[in-house]
Structure formats: C-alpha cells, structure tokens
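The values are calculated or read from the model by the stated rules, or taken from the named source; none is laboratory data. None of these values were measured; they are calculated from a predicted model. In this analysis, Cβ positions are derived from the backbone assuming ideal geometry, glycine residues included, and neighbour counts consider all displayed protein chains.
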Amino acid sequence: MDYSEGVITLPLLGLLGAVSNRWQQIEFTTPQHYRTDWFSRPLSTLSPADVPKLTNVKFGSQNPTLLRSPFLAASTISRISISYIPQDVETISISWHLLTRLDLGSADQDDLWAGQRTLLILGRCANLEVCSLVITRCDPSLITDDTVALPHLTSLSIICHDHIVGGLIAQRLVLPELTSLKVSEPFGAMLFRIFFPALKLRALAIDGLFMNFSLMMGMYTPLPRSLEILDIASTAHEYEGNAVFDIDDMYLQTLITDHFPRLKTLKLYGCSEITDAGLLSYITTHAHSGNPLQSVNIAFLRPMQQDILPDLADLISAGLRISLRYNLERWENDSPPYRPWEGTDLGD
C-alpha cells in the first residue's frame, strides 16, 4: 500500500480493510512528514482473524503506529520486512517466533541502542530461515554479551556500515545450519572471519571496497572445502578510479589446491591482476580435477589479452556458462558481457 498525495483517503483505506480477508502480501509506505496515526487508524481495528491469508508484510518507511496493529500477530505471517529498526520492540504486535524470513533495515544515526535492539529482535526469531540485516553505527558498549541462537537459519545477508559494531553482533550469533552468507562491508573480508568455521557453508559472497591477496588468503584458511559458490566484488574503482583488488593467477590456483576443490560457481567483479591465460589455466585445471565449474562470471578492469573461448569449446558444449566483461569504467556496473554465443567482437 503506497501513499501518493491525494490518492489514499479514509474511504479508500476503509475499502481496503473491508477486503483484508483477501490480503496475501501488503506493503505500507508513507512519507516522513505524513500523519501516520491518521493512516494507521483504519487498520488498527483489524485482528488476526481478519487477515487469514496474509503471509508477507513490508514496511517501507517509519511508522511505529502501524507496527502496533493487532493484525500483525496473525499466525499466517511468515515474512516481515522493516526498513528501519523500531525503537520500542516491546510494543510491536509481530509474532516474531513464527517468522521464517526477516529483512531488517537501518537505524537513525543517533540511535545508540540500534545494535542491541537488532540482537533483541533476532533473539525472538527462533524459527528464522532467511535473514538480511543493515548494521549502522551505534554505541558498541551497549551491546551485551548474550548470544543469540538461530538454529534454522540457512541464509544470512549483511550490509555493514561499521565493522566494529558488525563484528560484535556477528560474534553473538550462533548459526549451526548456515549455508549461504553474504556481507557487504568496506573492508570486505573483515566481518566474514567472525563467522568461521561455518562447516555447512556452501555459498559465500563478499562485496567490499578494498580486497587484497593477503587478506583474502587469511580469510579463506578456515573455510570448509565443500564451498560451491564464491562471489567476490570490489567496487573501489568506482569511487577512487583504481581498484584495490590484487588477486592474481596464483590466487586462482590455490582456490583449487588449498581451498575449494568442489567450487561450481565463480564470480569476480573489479579485478585486474588475473590474466586471461591464468583464468584459462584455472578453468581447465578445475575440469581435470573431476569436478568442473558450471558457471564463471568475471568483470575485468583491463582490456582483453587473449580469446580463451576456443580453448574452452568442449567445456562450454558440456554445459559451462561463462561471461567475461572487460574495460569496466567508473560507474559502469552494467557494461556489456562477453559470452560464448556473442563471439569475439567486443565493439568499439
């Protein structure tokens, strides 16, 4: 339910409430200056019995009044998305223990308790399977030492704006079933190390400004050799004109011999030190190991050095999907990909 000036009116809200028994998913978004009590009043009379089919609720803006609506306690709701960290967790009507998916947004910059409230909310979500968090700056001294166990969580995504706070929160999470982990954080690998060892991890994604060989190798040492999906992105070139992503050919080979012999999907964005010859060697060596890659997606900052696709013809025929992009420029996240079916003509 999106508000546009002059569109959402009390009669219309009443009409929407009258058909609440049909709701399956709904989104509430109101401007910051809008009177949220006026907006929320027609919905405050709805009970869980009035929304028997509702499974997914999203709050696109700050509206604490809506979070206290009784219908949010409905046992059918399994997914909640909140664009901010609510300050008064105790008054929220959500049945946290019934959620299997939670998307929790950022907090105000002056919200000193944001980190602790994030843990408080997670501690009530014992049945979560998928979770995404935005971690912002707060007072780390206010984060208690209590651990939070999420025994069913398999997928976790974190956008971290403060690696100290992020580290404290990560240290308090117990995630025995975690198989997929993604962290977007300026220093890339810092936060990941706290989650190790994650013995069941199958998919790992790193998105950071500054990535370097020594940091990455130290990060991978404790990882399980069963990892199947690896996605590394460095976006430093978009902000500073030069990438700080010095992973090279030797690094690729160590992925096979020392770390991830079962890797099936490799995605790298913003690299320049890996050569085309080195990439070819890595792909063919991996294939000869008896566990060939299924997907390779590389975005280079440099020009093409050689066409490696003819040498990969047999693997491509066997099902390998490969996408190569060259000459990434600043702010060009969507530069044209170079795929086998497009030949070697990259254009001007």
Test set (1) at pLDDT 80 or above; (2) under 28 Å from Glu185 (Cα atoms); (3) among the β-branched types (Val, Ile, Thr); (4) in a loop (DSSP other than H, G, I, E, B) - Ile247 fails condition number = (1)
Taking segment 140-165 and keeping residues part of a loop (DSSP other than H, G, I, E, B), touching a helix residue (DSSP H, G or I) at 6+ places or on another chain (Cβ under 8 Å) and of a type outside the set (Val, Ile, Thr) leaves Asp146, Leu150
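Of all the residues that make up segment 166-184, how many are of a type in the set (Gly, Ala, Ser) and outside any strand (DSSP E or B)?
Of segment 166-184, the ones of a type in the set (Gly, Ala, Ser) are 166-167, 170, 180, 184.
Within this subset, residues satisfying the condition of being outside any strand (DSSP E or B) are 166-167, 170.
Residues that pass the stated criteria total 3.
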Counted residues in segment 308-328 being under 13 Å from Asp276 (Cβ atoms) and part of a strand (DSSP E or B) come to 3
Name the pairs: first residue in segment 132-149 and modelled with pLDDT of 90 or more, second residue surrounded by fewer than 18 Cβ atoms within 10 Å (Cβ to Cβ) and small (Gly, Ala, Ser), Cβ to Cβ under 6 Å, at least 6 apart or on different chains?
-> Ser132/Ser157; Val148/Gly123
For segment 192-200, does any single residue satisfy the condition of being crowded, with 20+ Cβ neighbours inside 10 Å, within 18 Å of the chain's Cα centre (by Cα) and at pLDDT 80 or above?
-> no
Say whether the condition of being buried (at least 19 other Cβ atoms within 10 Å of the Cβ) and more than 24 Å from Ser81 (Cβ to Cβ) is met by at least one residue in segment 134-153.
-> no
Selection from segment 87-115 of residues that are under 22 Å from Pro140 (Cα atoms) and more than 21 Å from the chain's Cα centre (by Cα) | Gln87, Asp88, Val89, Glu90, Gln109, Asp110, Asp111, Leu112, Trp113
Among the residues of segment 250-307, how many are among the charged types (D, E, K, R), modelled with pLDDT of 85 or more and in a helix (DSSP H, G or I)?
-> 1
